[in-house]
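The values are calculated or read from the model by the stated rules, or taken from the named source; none is laboratory data. Since the model is a prediction, treat every value here as computed from it, not as a measurement. Methodologically, a virtual Cβ is constructed for each residue, glycine included, from the backbone with ideal geometry; neighbour enumeration extends over all protein chains shown.
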């Protein structure tokens, strides 16, 4: 990959001169050492397995269009070597459906769809508020796009962004009738904050849901039973928030159906001051794919929390002061204890301060007292950004929300919590530097080792690579506009064309896109002039499918064949995990396998399986406040046969006609294509099997005496030709010569005697195994 | 019939019709670099394949001679014809050139073998859309039926589906040798070998013409062997 070296050791934000507590250094020293991944990197596959496109869709929302609100659908093609065409479908809240024009996305390309403009183009003028959800249909072997919806009210400085998920097929009846619980969290930044909830029904049947608003200790503040029309959407105003005695609490939604049947989203807002924030919801429970395991983070990071005076580079109005916030909710059935720590850059040195542990009871919502915690860390007067890291010791069931808000509550920088787990590359679906926008990216190296990454800006017609070296535990913050402004040519000579203002980005290991790395990354697109900031969902790159290359496969007895275990990456590449994988044969008396090399021991059938646990699985559109990748590892299997060349049946006749013999002779010619088959009748799909034959004559009415023979080799399908000719002077009657053909197959130095063929030569036909012709 | 092979001066006799169909045009002085050890026939085959030089081989009374004599050869950018002469000479074969084909003649060629090679076929109709190996079989049939007067000729020829199919046009009254030379001078070149059908051949009815194309992927050792049949 092309690289232009840049060491990101010092955050752009300046630090005020403050005294760092000695405790911080001590606390950092006590932390267990975290290593960067040093997993072997699978090479690109030399032989690709074939893929079959399948119809699929993702769904997200809500979208809202009215006099104030504009909704933009952002699409990103995660496939880097192929264009894709997607079909957006708008579902209105009453279930009405509108098919929008198809959108073609170039490799790695992005597209935006203005939903209001699309409705207008179809003659639907939004006189009143229109809202609903979006389905995006595609035809591809895996989920090929990352998408999110941005709903913005520029006049009131409100912005929400909503991600997408794959509803998936409505599978088993048990899943359809399963009881689902989705947990969310609310908080009031100030007393006038209220909220709304949207429930979109992706199924063709009406769905009932119960919404329960809870206080910070689980007390029920209100309950609602909602019926969502088929493929419609219902919006619920969270009026309880206005009268709630507590400043934070939970939301519990229960319904019967498939995990993703209801799309649940919502927001917190105070229109009066332009405050807006997304309601966080825990992701539906997901089952690991076959052969994979769930990846459970040991810690979570909230990156880039701003505190103190705004960074002057960001052009906020003078006197803008930010305060970070961070909330936790225990959505599990057991108490959870977490230990937070603050990490920040002291000059070029990452510094940390461990905070007291927090014990959360089930259903408890807890707002961290950030001013006090910062003061305890000696950061009372600190201006800059910091990371909050929660050590969860692998406990699950924690819902988090965080961000920074200015004192007027107009500028809200939401920050998602990111699970700290090793992954392959991560992608940011969209960045913008146009129309007053800029995109802030925060990257944290959680390892106690230096790591080097490639940050790739992708834009229409190209990309630009920037090398980033982050020291142990270091954080880098930068605006995309910084890169564009200072970029020359990268190591491959790529430049960023003038006028480039939008695109996508990805961050990968320096060796390869499938190199495992350990980092946390977050980004936000902010616009000081419009007083908006919103995040978009990262995509964790990874494997989408696994395959054993030859499926089914055949190997000759006493011979070997090399199988390979290949992973299809979401970007379009395929990687060869043959040497990484563990291999297994279902019957080692039939065949053994080592590193994919199959040894045929005895005739029979086996199932070959391969698996590897350290490959991350592709996690698209993962907006839930958690980590990604969600799952790791994959496996594949392939049936196979230890093949013994057994027979060479005719596949078809090429010619079957009278032979043009010399005067006084007449005869027949039959030219056939044969295939070498094994003991089961399956073709042995191997080239260079050397075919030979000999004859014995049973009765020689044509007085042949002998039959000449020749040799040929098979093609990759195990096929070869065989020409039979006869010319005779004994053609006046019905004389025949009955023979037995003895074919042999010499393959990899071993000669196999095949089943004999009965060949009867006559002057007007040549019969092979009783048949004078083989139907085409 | 034969003319001593000149290493430096070679006269090419061409048949226009054949050239038009893609007759092989080896370099005038093809050169090879080759390290080989094994039987003479193996090295001869390898030289021919590398130089794309049409070759004819006659197995004489001691038909195993070329397969019995072995040696190590190290040719470095040397003239292929010269190399053939050296290798064949180890088995007391004589290398001559006929119509662009290097003919390797054994010291113990039988008189009837020469008769077979000189036999002319009136109104030879050519071979259509056949592999070189198949043409060899058909030529064998012409010999055994036309000269050997056998009552029936039959063969069963396994072949590779990738083998090149070519055609040899009709000729006036060519000899066996001329037909064989023309075949191995077609696309890509090849080797023809006159070998016995049985251990103690008595005449034309016991003769086989085996042909190997350089462009196809035969098992050379099997096809260009010295065993009868």
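Could you tell me whether residue B:123 is part of a strand (DSSP E or B), without any contact (Cβ under 8 Å) to a residue 60 or more places away in the chain, on the phi > 0 side of the Ramachandran plot and within 13 Å of chain A (Cβ to nearest Cβ)? So residue B:123 does not fit the description; no.
Applying the criterion of at least 2 residues that are over 20 Å from residue A:198 (Cβ atoms) and touching a strand residue (DSSP E or B) at 6+ places or on another chain (Cβ under 7 Å) to the strands (runs of 3 or more DSSP E) found wholly in region A:85-130 leaves A:103-105, A:110-114.
Residues that are assigned to a strand (DSSP E or B) and in contact (Cβ under 8 Å) with a residue 60 or more places away in the chain within region A:446-455 comprise A:451, A:453, A:454, listed in sequence order. Applying the criterion of at least 1 residues that are within 15 Å of the chain's Cα centre (by Cα) and away from chain A (no Cβ under 11 Å) to the strands (runs of 3 or more DSSP E) found wholly in region B:129-216 leaves B:190-196, B:207-213. Per this entry, residue A:646 is counted among residues that are closer than 30 Å to residue A:610 by Cα and either at the interface with another protein chain (Cβ under 7 Å from one of its Cβ atoms) or touching a strand residue (DSSP E or B) at 6+ places or on another chain (Cβ under 8 Å) (or both). Considering A:672, A:657, the condition of being outside any loop (DSSP other than H, G, I, E, B), without any contact (Cβ under 8 Å) to a residue 24 or more places away in the chain and more than 7 Å from chain B (Cβ to nearest Cβ) is satisfied by A:657 alone.
Taking residue A:263 as the residue in question, decide whether it is within 33 Å of the chain's Cα centre (by Cα), modelled with pLDDT of 95 or more, under 20 Å from residue A:163 (Cβ atoms) and crowded, with 17+ Cβ neighbours inside 10 Å. No. One residue alone among A:690, A:679 is surrounded by 19 or more Cβ atoms within 10 Å (Cβ to Cβ), under 59 Å from the mean Cα position of the chain (by Cα) and in contact (Cβ under 8 Å) with a residue 40 or more places away in the chain, and that residue is A:690. Residue A:122 satisfies every condition listed in (1) touching a residue at least 40 places away in the same chain (Cβ under 8 Å); (2) over 21 Å from residue A:430 (Cβ atoms) except (1). So which residues in region A:584-594 are surrounded by fewer than 20 Cβ atoms within 10 Å (Cβ to Cβ) and in a strand (DSSP E or B), if there are any at all? Residues satisfying the conditions are A:584, A:585, A:592, A:594.
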